[in-house]
Structure formats: C-alpha cells, structure tokens
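Some notes on the structure that comes next.
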Amino acid sequence: QHINPVAANLIQRMLRSDPATRPTIHELLSDPFFTSGYAPSRLPTSCLTVAPRFPVAPSGLESAVRKPLTTLNKGPDSPALENFPEKEEAPELQELRDAVNSHLADMLQQLTAVNLAKPSERVVKRQEEAEDPACIPIFWVSKWVDYSDKYGLGYQLCDNSVGVLFNDSTRLIMYSDGDSLQYIEQNSTESYFTVRSYPSALNKKITLLKYFRNYMSEHLLKAGANITPREGDELARLPYLCAWFRTRSAIILHLSNGTVQINFFKDHTKVILCPLMAAVTYIDEKRDFRTYKLSLIEEHGCSEELASRLRYARTMVEKLLSSKSVTASVKPSA
C-alpha cells in the first residue's frame, strides 16, 4: 500500500513468470515510471537530513502519490472527523526528539569551539573571509508575538507560514498558501486539515491563529524581508517551534529543524544558528543579513559585536539542553 501504483505495475511486469512476456530494456525506458511524475530541478540542502515536502502537486505528478493534506482532508463532501482518533506515539517521534537533542549538542560543541578561539581578540580580523552565502538558512522566524499570559506564542516564518505554540504544548501551523493546516498534539502526533475542513475541537485555536496572523501582518516588520528564496527551498519540510523562552535581553526560539534564533531586544539584532551547516547568520542594527561558517570565524576572527552574541548564544543553548524537554514550551522568565 506504500508503493506508487505506477511503480508496482512496473515491478509486476518485470517479475512475470514467463521471461518472454517481460518488457525489454527499451520498453522499460518508455514505461510511465520513467517518463511521468515529478522530478524537481533542484532540492534544498535540508534533504540531506530531512525528507522534502511537496505541498502542491506539480503538473504531471501522479494523483496516487501521497501529498500533505490528503490523508484527512478529502474536500468539502467529506468533512474532517469531529473527534481526533486515538493515536499511539510512533517510534519515529522518539527519533525526532533524539535528533533535536543531537542538533543542540552539536551546536553547543560548535559554539564552544568558536568561543575558545577568542575570534574578536585576533590582531588581524578578516570577518568578511568567514562569510558563506551558501549556508543562508531556509527558515527563520520573521515575526513573533508573545501572548503567553493567556494563549501562547505566535510566530511567522520567512516563507509567510504562521504558527502558534499554545500554552498546552500543542501547535497549530498555517502554511503560506493560507489554507493548509498542520496540528501537532502534545505527544508530537501530526494531523493535516484545511481552513475549510477541520474538527470542531480546533475552532478556538484556529480563530486564535488567525488573530495572531492578522496582528503580525498589520503591526510587525518582517525580519530578513530582503532575502530572496533560492530555487528548491519551497520543497524543504516546514519546521515548527519546539521551545522558546525570554530573558531580560532577548527571546530564544528553537525550531524543529535544529535552528536556534536569538532576537535581542535593545538593538533588534538577531542571531540565527544552524547546527547542520555549522553556520551563524547575523542581522545587524541596519538589518544587513550576513551568514558565516563558524569554523571560518575561528580561522579569520570576527568583531566583538558578533563574538559577544556567540558567547551569549552558547549560554542559551546550554539552557535549552538542560531543560527537562526541548519539545515542550519553556515558560518565559521575568
């Protein structure tokens, strides 16, 4: 049941008991398995660690291929179930938690190494030599609003998708198409709906999600708005907010793809750390957006402005790692 019917048909033809009835090499090359379907011209770097997503079926993509939102959303004639089915936590979810913790541990090692190198104390600092535009993150938090005293934290990613991490540790995400929804329960099980078809139990949360979206759209500036997405980035799997907390100086946001983002309150600078690329993106007071390899910062040095934020980031990553569960919301501190 997990094999595409086109692939299944090809396998059956190749395994016919009578060799004379099996397709020739030339017939195989003209089989629909090789001539139809969707082959993207480019895939995001994240495919090295996370399976890509195809939120919209490109022309020619077989309808039988699984697409997000087809499992539970079958159109207005078949509304979503009114009650969530009982679900057991799959082994993959524990693997995801382990991966998230592993990413944090890797990030801590990377930050420890760069801080020990004391890059801002070099006699000759060539910070520009540490730049690596190829490591620009695919996703970062472009807007956020803290309403955790009642409901939770709302945020917008750079692709214009919107999410809320509610105080009950559930998550609701609206994709950038403004229609597709993803709901993540406390035990990390996921369900997919649309704004036209969803369980009545989600009425309040979807209303709140729309409130957060409208507020951020009308009142907040978008961080990194001048960065053009690369071809293939739209196929990267959308991350969600794992955890967050506030200090007197900043808000710390931890995404499920391993990214840790720190927004500083005083000067509105931002640090975006990616353990998979071993890179840091720094958005300065002028909103300039630059990405550096941490290993190259060790080698070439950097300004005290960036070095001090990397030292702070290490402390915050330690705090994330020491929390009881990196997949649950961390209550904000005073």
- prompt: Identify, please: which residue in the stretch 33-59 is in a helix (DSSP H, G or I) and surrounded by 14 or more Cβ atoms within 10 Å (Cβ to Cβ) and is, among those, modelled with the lowest pLDDT?
  reply: Ser46
- prompt: Looking at the stretch 201-216, which of its residues are farther than 12 Å from Gly154 by Cα and not aliphatic (A, V, I, L, M)?
  reply: Asn203, Lys204, Thr207
query: Which residue pairs have Cβ atoms under 7 Å apart, sit 6 or more places apart or on different chains, and have a first residue in the stretch 199-210 that is basic (Lys, Arg) and a second that is not in a helix (DSSP H, G or I)?
result: Lys205/Phe166; Lys205/Leu172
- request: Identify, from the list Lys125, Lys143, Lys150, the residue that is at negative phi and part of a strand (DSSP E or B).
  value: Lys143
query: Does Pro239 qualify as being buried (at least 19 other Cβ atoms within 10 Å of the Cβ), of a type outside the set (Phe, Trp, Tyr), in contact with an Asp or Glu (Cβ under 7 Å, 6 or more places away or on another chain) and closer than 17 Å to Ile138 by Cβ?
result: no
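The values are calculated or read from the model by the stated rules, or taken from the named source; none is laboratory data. Model, not experiment: these values are computed from the prediction. With ideal geometry, Cβ positions are generated from the backbone for all residues, glycine too; neighbour counts draw on all protein chains shown.
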